[in-house]
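The values are calculated or read from the model by the stated rules, or taken from the named source; none is laboratory data. The structure displayed is predicted, hence computed values, not measured ones. Reconstructed Cβ throughout: ideal geometry from the backbone, glycine too, with neighbour counts over all protein chains shown. Note: accessible area is taken over every heavy atom of the protein model, side chains too, but ligands, DNA and RNA are not part of it. Shrake-Rupley method; radii C 1.70, N 1.55, O 1.52, S 1.80 Å.
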Amino acid sequence: MSDRKYIFESYQLPSGVTLKNRVLLAPMTNFLSNDDGSVSDKELEYYKRRSGGVGAVITACANVNEYGKGFDGEIGAHRDDLIPSLRKLADAIHEKGSKAILQIFHGGRMCPPHLIPNEDVVSASAVAALRPNSPTPREMTEEEIQQTITDFGEATRRAIEAGFDGVEIHGANTYLIQQFFSPHSNRRDDQWGGSVEDRMNFPLAVVESVKSAVAEHAKGEFVVGYRLSPEEREEPGITMDDTLQLVDVLAKQDLDYLHISLSSFNQGSMRDENDTRPRIDLIQERVGSIVPVMGVGSLHTADDVEGALAKVPMISLGREMLMEPDWVEKVAKGEEDQIRTAMKLNQQEELAIPEPMWTKILNVPNWFPKEEE
């Protein structure tokens, strides 16, 4: 058995939920759900293959209403008739011995128009993303904002009824919650925009809606996490100073963790190449004594993970768990030298990465170390 100091320690979250270890499966889009938002058999197999070793599985994002669907093959959490499907997913993860956390989300201006009713893409303001062929969204009305806040609470209720152990509010990666916080995508002059404090109002209203649903519907302990991206490249865009003000407030919301979305755990500033101090360090120092912080990004080896866990109490593994579904188990057995660090093209079935996910992965430049057969 591995003598790793941190990885295999159990960890109790503020809600009282205890994780058997400090490694979680990171939320990763998989394009595997059915068109109606129900979970497919292929998706269940994909999650089963990666559950068991980790303390918890954070699922791919699930849209909270029909205007928030950001990907083909996305999990739906926006209708009550999807609760049995969500229950199958929670059961599949539990069956292997991990906690199950449903990531809930709205894509906002990043939603492909063909997935949205009447191709009516919405956001905080009518500002297109600075990406090729991005549609200009319609500015959300007050009624739509209030409905979306309610929808996050309703998605949480469905997760509770389906047997999940928690939800992760997706406030990162340029999607709707981040769009409200960003001065690039939010040019409003009402209560939902303007100063950094006013741009926090939508994220905080979502947090409150989720917490209210937990208070009303959960019979016992239930996890509420929040994922955020510390900075944006755009000008104007989210700065580290903005984010430190946001985490100051989020730390007081009785959350179970803040999940810091970075491509590399020790990543410095994306706005200023001379500012190399890890963003995760700044956040941990600022609020880590108040709310648990979770890191992610390019943590391939057990040594990488141990080093990260010396800084923060939890980490999540994404690409590493795609390449090596048995990452945690191999570390536990002292078989670290057998952990895959690349995928062979003939390993698709063994790794339980079905179509169309496999082809999409292979087509992303530099996203994946690959070996020939």
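Could you figure out which of (1) touching a His at 6+ places or on another chain (Cβ under 6 Å); (2) within 24 Å of K99 (Cα to Cα) isn't true of P236? Failed condition: (2).
Put simply, of I58, I104, I93, I83 the only residue that is crowded, with 24+ Cβ neighbours inside 10 Å, assigned to a helix (DSSP H, G or I) and among the β-branched types (V, I, T) is I93. Between G37, G70, G53, the distinction of being over 20 Å from I104 (Cα atoms), at pLDDT 95 or above and assigned to a loop (DSSP other than H, G, I, E, B) belongs to G53 only.
Selection of the stretch 12-32 for residues being in contact with a helix residue (DSSP H, G or I) (Cβ under 6 Å, 6 or more places away or on another chain) and in a loop (DSSP other than H, G, I, E, B) yields R22, N30, F31, L32.
Consider E9 carefully, then state whether it is open to solvent by 50 Å² or more (accessible area, probe 1.4 Å), more than 19 Å from the chain's Cα centre (by Cα) and within 15 Å of E95 (Cα to Cα). Against the criterion (open to solvent by 50 Å² or more (accessible area, probe 1.4 Å), more than 19 Å from the chain's Cα centre (by Cα) and within 15 Å of E95 (Cα to Cα)), E9 does not qualify. Answer yes or no: is there a residue in the stretch 30-43 that is among the aromatic types (F, W, Y), in contact (Cβ under 8 Å) with a residue 40 or more places away in the chain and closer than 18 Å to E324 by Cα. For the stretch 30-43, residues among the aromatic types (F, W, Y), in contact (Cβ under 8 Å) with a residue 40 or more places away in the chain and closer than 18 Å to E324 by Cα: absent.
Every residue, every condition in (1) in contact with a Lys or Arg (Cβ under 9 Å, 6 or more places away or on another chain); (2) buried (at least 19 other Cβ atoms within 10 Å of the Cβ); (3) more than 18 Å from E235 (Cα to Cα), yes or no:
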site	(1), (2), (3)
L115	yes, yes, yes
A126	yes, no, no
R131	no, no, no
T148	no, yes, yes
D151	no, yes, yes
R157	no, yes, yes
A162	yes, yes, yes
S185	yes, yes, no
Q191	no, no, yes
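Can you tell me which residue within the stretch 240-254, out of those that are touching a helix residue (DSSP H, G or I) at 6+ places or on another chain (Cβ under 6 Å) and open to solvent by 30 Å² or more (accessible area, probe 1.4 Å), is nearest to L24 (Cα to Cα)? Checking each candidate, the answer is Q253.
The stretch 255-337 holds helices (runs of 4 or more DSSP H) entirely within its bounds, and those carrying 2 or more residues that are farther than 30 Å from E349 by Cβ and open to solvent by 10 Å² or more (accessible area, probe 1.4 Å) map to 279-287, 302-309. Remark: pairs (first residue in the stretch 86-108, on the phi > 0 side of the Ramachandran plot; second residue not in a loop (DSSP other than H, G, I, E, B); Cβ separation under 6 Å; 6+ apart in sequence or on different chains) = G108/S123; G108/L176; G108/Q179. Considered as a group, the residues in the stretch 205-238 that are basic (K, R) and either under 28 Å from I315 (Cβ atoms) or outside any loop (DSSP other than H, G, I, E, B) (or both) include one that is most open to solvent (accessible area, probe 1.4 Å), and that residue is R233.
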